[in-house]
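Right, one structure below, let's go through it.
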Ligand SMILES: Nc1ncnc2c1ncn2[C@@H]1O[C@H](COP(=O)(O)OP(=O)(O)O)[C@@H](O)[C@H]1O
Ligand SMILES: [Mg+2]
């Protein structure tokens, strides 16, 4: 047992049927109150030039749920994640408007740095992965247990932190890498992984801090269908073992398949909320998607399980290219440094 292993939370619906029953009683309206919110957001806005990228009045995320945040491209989903996790700062309220407030597990996260947000138990992954290519898979994991900023720290800066705890942390990293089928690759450069494997590594890395909530920004994007299935399993397993999940996803099949609740954003605002089976029928949602993307797939059944072989073959080609690039890079480093160590 590692020293930061999650304890049983008496307040968490480990039983998913129980959770869904509770959510079944929630109003399907934007900003609706939840019986047991882990995250509550009020009056958060962020403008870029004249455009309100985010303008959210109120949102509650139910503890123990897998909540999907969906919406057309440019709806403000990533910006919203950035604000909540301290990677961006909301606008100052204008006129008599209310001040932005958001609380995670009852604790205000206003003016909290990304690093500190992660320490409170709310971690996120990025739409574009931030796995550090020139570090090994294991080093990425070790970095993940201490800092979540996605910024490059030199080894010398972080290594002293590990003295004493390193053994326990490595064991935890190995356990997670094993779970995500990356253990064999622990000594490989992250840059040599396929796009899908990098997504898995990023998720595994985020889990190093045993978060109470994980926010995933398009976790399935670029992941081949074979890995997609296992990623879905991982996400559900996380929920079942005590981590609330808030995720952004475009693929409505995924959304329907794994989420307990869906929140819909368009042009910065929440336009709908509801159970996955209902929300896509909502006129505001249909309008939001039609207004932006005539070709957006709202969930016919053609996508899942098709073209595995093609996707895998394509990934293999990418992987071979990446391996060559890493080998060339390693070679250039060896030339520069000579053989001494
Ligand atoms: N750093 C930025 N500077 C200027 N505009 C931005 C910036 N980040 C996002 N935007 C704009 O904010 C809006 C919301 O973007 P984003 O949050 O990325 O949407 P989504 O993740 O839903 O696709 C878009 O119009 C986008 O162009
Ligand atoms: Mg985005």
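Among residues that are in contact with a strand residue (DSSP E or B) (Cβ under 9 Å, 6 or more places away or on another chain), within 16 Å of ligand 2 (Cβ to nearest atom) and at pLDDT 95 or above, residue 64 is not included.
In the range 221-244 there is no residue that is buried (at least 23 other Cβ atoms within 10 Å of the Cβ), within 15 Å of ligand 2 (Cβ to nearest atom), under 24 Å from residue 75 (Cα atoms) and modelled with pLDDT of 95 or more. Residue 305 fulfils the conditions (1) within 24 Å of residue 82 (Cα to Cα); (2) at pLDDT below 60 except for a single criterion, (1). Residues in the range 76-99 that are within 16 Å of ligand 2 (Cβ to nearest atom) and farther than 23 Å from residue 236 by Cβ: 76, 78, 79, 80, 82, 83, 87, 88.
Any residue at all in the range 37-44 that's over 25 Å from residue 267 (Cβ atoms) and away from ligand 2 (no atom under 16 Å from the Cβ)? Give the steps one after another, and end with the answer.
Of all residues in the range 37-44, those over 25 Å from residue 267 (Cβ atoms) come to 38.
Now restrict to residues that are away from ligand 2 (no atom under 16 Å from the Cβ): 38.
Yes, the range 37-44 has at least one match.
Scanning the range 109-120 for residues that are out of contact with any strand residue (DSSP E or B) (no Cβ under 7 Å at 6 or more places or on another chain) and free of Cβ contacts under 8 Å to residues at least 24 places away in the same chain turns up just one, 111. Residues in the range 177-218 that are free of Cβ contacts under 8 Å to residues at least 40 places away in the same chain and surrounded by fewer than 21 Cβ atoms within 10 Å (Cβ to Cβ): 178, 183, 184.
Answer with yes or no whether residue 135 is within 21 Å of residue 44 (Cα to Cα), touching a strand residue (DSSP E or B) at 6+ places or on another chain (Cβ under 8 Å) and at pLDDT 65 or above. Steps first, answer last, please.
Working: within 21 Å of residue 44 (Cα to Cα): no; touching a strand residue (DSSP E or B) at 6+ places or on another chain (Cβ under 8 Å): yes; at pLDDT 65 or above: yes.
The answer is no for residue 135.
All of (1) within 16 Å of ligand 2 (Cβ to nearest atom); (2) closer than 19 Å to residue 124 by Cα; (3) assigned to a strand (DSSP E or B) hold for residue 56 with one exception: (2).
Take residue 73 and decide whether it is within 15 Å of ligand 2 (Cβ to nearest atom) and loosely packed, with under 15 Cβ neighbours inside 10 Å. Show your work before the answer.
On the way: within 15 Å of ligand 2 (Cβ to nearest atom): yes; loosely packed, with under 15 Cβ neighbours inside 10 Å: yes.
Judged against the criteria, residue 73 is a match.
The residue pairs whose first member lies in the range 74-100 and is within 23 Å of residue 113 (Cβ to Cβ), whose second member is within 16 Å of ligand 2 (Cβ to nearest atom) and part of a loop (DSSP other than H, G, I, E, B), and whose beta carbons are closer than 6 Å, counting only pairs six or more residues apart or on different chains, are 76/268; 77/71; 78/127; 82/88.
Apart from one condition, residue 102 fits all of (1) modelled with pLDDT of 95 or more; (2) within 16 Å of ligand 2 (Cβ to nearest atom); the exception is (2). Scanning the range 173-190 for residues that are over 18 Å from residue 247 (Cβ atoms) and in a loop (DSSP other than H, G, I, E, B), we see that the one that is farthest from ligand 1 (Cβ to nearest atom) is 187.
Here the range 59-68 is the region considered, the condition is being in contact (Cβ under 8 Å) with a residue 40 or more places away in the chain and in a strand (DSSP E or B), and the residue that is farthest from ligand 1 (Cβ to nearest atom) is 62.
Residue check: residue 164 meets all listed conditions (1) at pLDDT below 85; (2) touching a strand residue (DSSP E or B) at 6+ places or on another chain (Cβ under 9 Å) but one, namely (2).
If a residue has to be part of a loop (DSSP other than H, G, I, E, B) and either within 9 Å of ligand 1 (Cβ to nearest atom) or over 18 Å from the mean Cα position of the chain (by Cα) (or both) to count, how many in the range 69-94 make the cut?
As a first pass, look at the range 69-94 and keep what is part of a loop (DSSP other than H, G, I, E, B): 71-76, 85-94.
Checking which are either within 9 Å of ligand 1 (Cβ to nearest atom) or over 18 Å from the mean Cα position of the chain (by Cα) (or both) leaves us with 71-76, 88-94.
Of the residues in that region, 13 qualify.
In the range 105-126, how many are part of a strand (DSSP E or B) and more than 16 Å from ligand 2 (Cβ to nearest atom)? Outline the logic, then answer.
Step one: filter the range 105-126 for residues part of a strand (DSSP E or B), giving 107-108, 122-124.
Next, only the ones that are more than 16 Å from ligand 2 (Cβ to nearest atom) stay: 107-108, 122-123.
Total meeting the criteria: 4.
Do we find that residue 152 is more than 16 Å from ligand 2 (Cβ to nearest atom), out of contact with any strand residue (DSSP E or B) (no Cβ under 7 Å at 6 or more places or on another chain) and modelled with pLDDT under 85 in this structure? In short, yes.
The values are calculated or read from the model by the stated rules, or taken from the named source; none is laboratory data. In this text, all values refer to a predicted model and were calculated from it rather than measured experimentally. Positions of Cβ are generated from backbone atoms using ideal geometry, with glycine treated the same way; all protein chains shown enter the neighbour counts.
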